[in-house]
């Protein structure tokens, strides 16, 4: 198939991702979004672009050099993709700063949240900044004289800096007769690491007044360089290629990971962000130092690094400028004082985060660590929080003599260092730590607890669509499934034994794992729908994923559409499938939700001839998830749990407030309730349901006497 043919069938993944970031930016532009939430969405778009350039653009630059003739799913070479990305990103950056300068900053000022320029600072505010400069900033920053690339400081990841152009003799230089070079301009770079507070509040009679740190540095730059003339101060930022891989053949993976982290600090610069008012002399100097082409230089009309606006979005007070708080609600299935294992033993249970509290997931691990009847705990960790209660519980469990095995994925991008630290602490406590699987990332979300009870051994499990991270669980929409189903328990043991023992898993009866049979199972389920449709009976596929870009699955969905299968897809981010194309995909509808919470759950439903098959998963429909990761597709076997999961999926597919529909040309159109349609915002709907369930359970508990009973389990 020629590249022209493939471009008619698939969207380019990079451009599709950029359209996702545009949908986030549209939330910042939308006047209906509360003002400080708009600031947050703008900061998210900046953070998203940083990671995109570090990973995707960095990788494409390498491919353009090493494999210039290789094309992607849409038939584009790396060079063509890079040019298309630059064109689209330039438009997006312009729109970001128009949003900031023309909308957000003026409106914030109207509400008393004001960014001050040098001319607007009062005498008392300047005195305050002087104290901050003397006591904090000067102690943290280290101005570095730079003559070129050879002595340019290490600017790892996405690092902000201030470039100061000076005239005058540097310390230790002597004027030589006939040599005026000492009085020529020279450059000093001041790296601004993450430990330096970016937004500096200053005293004000009302509201919140602030100065950004590079403005404060510029204001007092002459104090850093006495007897020298400050010609120019320019804020800039470099982004380095983060697409650096670890050598898994190293004798010690931990050492290999550390070498990879060191390599990432000095990788190629893929983006230079510089103040639009900077001189050509300073821009040329910085370009030479970081060795970046002019096409990868972005002159911006405002402060670099929009992600630094996050603290502004969370400023205390100003409730009217923020979303109404949505505290997670307790689940009716998990009430205070109940034994969590007894609850799960009665029936399978599902939770919908963050509408319902994540605490039962934490309690599951904490209870397992403390319960004398628990003899073993096995868990996967991909990304976890900085101060994880669950990880501390695993350490305590091992120290108390329980058998604890944890698969810590050291290769979780940008969380490598944290995972290395956790792995070491777990090992010190006596936990059997496995650093993932050679050649694969372990992305499955599973915790297995083995408990000795009066009738014998029983296995309790938690399966999730999200990471074991108490922090992100407050913001990410995910699903948890608790069960002690014997078949799922047997399969879970087989999976862990295969991962820890470096062997092929024994055949599993219910769990479906990648890279073993997940792809085949999805294909098999689609084939059932195709056969059903061809026989003239109703056939349907519904799916919710973060990304859809695997060519085999897309082609199979096209085949299903042509057979008459009705396909509804809710795809948050990248979608390479073209929906609604006559003769190809007219029976496929694709929507995307961008709202106050991050859509993250992976859910799949197949009508299956009326048999209704429902699954949750850790995997998206991406080639990497299906072929290069350890992932799990988990059947929701309990009918009531399956009904609840299906309801969540339907609610997302019915959203006509914060959902966008993709057309065959790659355009996303925001959906609106029309005519007799009732506006349906799925996140509001799901949160309302969680509130009502909690309230109903609370009311029931107030009118029900529940006696304490003696436990019949033997210790």
**Item:** Condition met for residue 452 (on the phi < 0 side of the Ramachandran plot, touching a helix residue (DSSP H, G or I) at 6+ places or on another chain (Cβ under 7 Å), not in a loop (DSSP other than H, G, I, E, B) and not assigned by TED's automatic domain parsing to the domain that holds residue 649)
**Value:** no
**Complete:** Flagged in segment 50-73 as within 22 Å of residue 5 (Cβ to Cβ) and over 25 Å from the mean Cα position of the chain (by Cα), in numbering order, are 67, 68, 69, 70, 71
**Fill in**
Scanning segment 95-117 for residues that are under 26 Å from residue 272 (Cβ atoms) and in contact with a strand residue (DSSP E or B) (Cβ under 9 Å, 6 or more places away or on another chain), the one surrounded by the most Cβ atoms within 10 Å (Cβ to Cβ) turns out to be 96
**Fill in**
Residue hits (segment 145-157; surrounded by 15 or more Cβ atoms within 10 Å (Cβ to Cβ) and either over 34 Å from the mean Cα position of the chain (by Cα) or assigned to a helix (DSSP H, G or I) (or both)) are 146
**Request:** Within segment 572-592, track down each residue that is without any contact (Cβ under 8 Å) to a residue 40 or more places away in the chain and either out of contact with any helix residue (DSSP H, G or I) (no Cβ under 6 Å at 6 or more places or on another chain) or over 17 Å from residue 11 (Cβ atoms) (or both).
**Result:** 582, 583, 586, 587
**Request:** Looking for whichever is part of a helix (DSSP H, G or I) and either free of Cβ contacts under 8 Å to residues at least 40 places away in the same chain or more than 28 Å from residue 670 (Cβ to Cβ) (or both) here; the options are 53, 41. Which one fits?
**Result:** 41
**Prompt:** Looking only at segment 593-612, which residues are crowded, with 20+ Cβ neighbours inside 10 Å and either without any contact (Cβ under 8 Å) to a residue 24 or more places away in the chain or in a strand (DSSP E or B) (or both)?
**Reply:** 593, 599, 602, 603, 604, 605, 606
**Complete:** Considering segment 57-79, residues that are without any contact (Cβ under 8 Å) to a residue 60 or more places away in the chain and in a helix (DSSP H, G or I), and then whichever is nearest to residue 596 (Cα to Cα), we arrive at 60
**Request:** Quickly run through segment 462-485 and pick out the residues that are more than 20 Å from residue 436 (Cβ to Cβ) and touching a helix residue (DSSP H, G or I) at 6+ places or on another chain (Cβ under 8 Å).
**Result:** 470, 473, 477, 479, 480, 481, 482, 483, 484
**Asked** If you go through segment 413-420 one residue at a time, do you hit one that is buried (at least 20 other Cβ atoms within 10 Å of the Cβ) and in contact with a strand residue (DSSP E or B) (Cβ under 6 Å, 6 or more places away or on another chain)?
**Response** yes
**Request:** For residues that are closer than 24 Å to residue 441 by Cα and part of a loop (DSSP other than H, G, I, E, B), tally how many sit in segment 624-666.
**Result:** 1
**Asked** Of (1) over 30 Å from residue 269 (Cα atoms); (2) in contact (Cβ under 8 Å) with a residue 12 or more places away in the chain; (3) touching a helix residue (DSSP H, G or I) at 6+ places or on another chain (Cβ under 9 Å), residue 30 satisfies all except one. Which?
**Response** (2)
**Prompt:** Any idea which residue in segment 486-522 is modelled with the lowest pLDDT, counting only those that are outside any strand (DSSP E or B), touching a helix residue (DSSP H, G or I) at 6+ places or on another chain (Cβ under 8 Å) and surrounded by 14 or more Cβ atoms within 10 Å (Cβ to Cβ)?
**Reply:** 505
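The values are calculated or read from the model by the stated rules, or taken from the named source; none is laboratory data. What you see is a predicted model, and the numbers here were worked out from it, not measured in a lab. Note that each Cβ is placed from the backbone with ideal geometry, even for glycine, and that neighbours are counted across all protein chains shown.
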